[in-house]
Amino acid sequence: MNSDELRNAALLLGADRARVLSDVDGRGCPALLTAARRRRIPRRAVRLAHAVLAKAGRLSYESGSLAPATAARRAVLGDAAEDAPRFLIRVDEFPHARAADLPDRYGAGAFARFHEVMLAAGVPYLVAALPRLSVDYLDPEETAWVPMDERSAGMLRRVQDEGVSVGLHGLTHRTVSADPRRHSELCGLSEGELSEMLDTGLGVLGEIGVVPRAFVAPFNRFDPGQYAQLARRFPVITGGPESVRLMGWHPTPTWLGDAVYMPCYPPLYGRARDLLAVVRDLVGRRVGGWVPLVLHWGWEMDAGLTDLRALCDELAGVAASWDAFLAEVLAAEGGPR
């Protein structure tokens, strides 16, 4: 196995089980080689085909990610592969993109109530942090923005102190395209423009004492040519259903270039009421390994938090710490950046 395959194998098996690799001849373990093979961003025609297959349900999280990972784990670990999944929960986004015009509904006080549900259940998560608020994030012609207020800054510091990891969520969340199918803050930016955006966003969060450890693109969209630049800055880059057309389909999480790429696909991307049965099923099947899951706290506030509380009851004890995941990633990478 080459170095890229070894990194993926360690991610599949867990850092504490990476020693198993020394006893495995990759040529004699085709399931592991299949799941751990080196990944690249496919050419455009393949990416579009992936998107069509995903929309038709012919390429799914179960078939395209979980099944090969489960087969690889069982081939190497045997019965020990049956273990509780380690859910990595991502929460989009705070401050909320609509906090400027709906502060009572989506402001810091509302997020505090969401966070307290997660905290009480002992469910760790990563929050996608938005450094600035666009006045109208869906209007590409509206360039006005407002700075993060002190209540929001204090809230981010609080949750970070209470074990929540932080991801950079662009700069203002303002789309560059009015077409809903092409909403993105990043697509079309030059290397210099993207660098300036990242520098500014990281600087704003750094000034309030918040350190992002992953990247979460607004609308889950960025150009494939931007991936390498993002990977030089962040050990983990996330994605979602919208990412398939731009990045192609990839098992998740997986090493892609110099970072771990971790898109989240349906049925693990959505509202708590819909995720509940999926989480129960995966826990009951003892699928093991890392399992990405994405929530939107604004959706859960709109639903009254009842569904979130039920989901947290299921996630308690199986939601993994992002610190633990990032430690594995950085260990495989050779240390912090």
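Before moving on, here are some points about what is shown:
- Amide H contacts of ASP83: VAL287, GLY288, each under 5 Å away and 5 or more positions distant or on a separate chain (H built 1.01 Å from N in the peptide plane; Pro and chain starts excluded).
- Here the Kirkwood formula, the inverse mean of 1/r across different C-alpha pairs, assigns region 200-337 a hydrodynamic radius of 16.4 Å.
- Solvent-free Debye scattering, log10 I(q)/I(0), computed from the Cα coordinates of the chain at q = 0.12, 0.16 Å⁻¹: -0.83, -1.51
- A cut-off of 5 Å between modelled amide H atoms, ignoring neighbours fewer than 5 places along the same chain, links TRP145 with VAL135.
- Amide H partners (placed H, <5 Å) of LEU256, local residues excluded: TYR261
- Debye log10 I(q)/I(0) for region 125-279, one point scatterer per Cα, at q = 0.11, 0.12, 0.17, 0.20 Å⁻¹: -0.44, -0.52, -1.08, -1.42
- Among ILE89, ILE41, a tally of other beta-carbon atoms within 10 Å of each Cβ gives an order, fewest to most, of ILE41, ILE89.
- Of the residues GLY167, LEU138, HIS183, the one whose Cα sits farthest toward the positive end of the charge dipole of region 103-212, with +1 on the Cβ of Lys and Arg and -1 on the Cβ of Asp and Glu, is GLY167.
- All distinct Cα pairs of region 99-158 go into the 1/r average, and the inverse of that average, the Kirkwood radius, is 12.9 Å.
- Using a simple spin-label model with pseudo-atoms 7 Å out from Cα toward Cβ, ASP281 and LEU53 lie 2.0 nm apart.
- Sequence ranges 140-147, 259-266, ranked by mean other-Cβ count within 10 angstrom, highest first: 259-266, 140-147
- Helix 3-13 axis, angle to the chain major axis (alpha carbon atoms, nearest 10°): 80 degrees
- Per-residue HN-Hα couplings for region 199-208 [Karplus 6.51, -1.76, 1.60; θ = phi - 60°; Hz; x = Gly/Pro]: 4, 5, x, 5, x, 4, 5, x, 5, 9
- Additional length obtainable on full extension of the chain from ALA228 to ARG43, 0.36 nm per residue less Cα span: 65.1 nm
- Region 28-169: C-alpha gyration tensor shape, a/c 1.5 cut-off, then a/b vs b/c: oblate
- Euclidean distance between Cα centres, region 49-94 to region 273-337, Å: 13 Å
- Taken one residue at a time, the phi angles of region 160-167 give Karplus couplings (6.51, -1.76, 1.60, θ = phi - 60°) of 4, 5, 9, x, 7, 7, 10, x Hz. Gly and Pro are set to x.
- In Hz, Karplus ³J(HN,Hα) per residue of region 279-290 (6.51, -1.76, 1.60; θ = phi - 60°; x = Gly, Pro): 4, 4, 5, 5, 5, x, 7, 6, 6, x, x, 7
Only the coordinates and a few stated rules stand behind these numbers; no lab work does. Because the structure is a prediction, the values reported are computed rather than measured. As a convention, Cβ positions derive from the backbone with ideal geometry for all residues, glycine included, and neighbour counts pool all protein chains shown.
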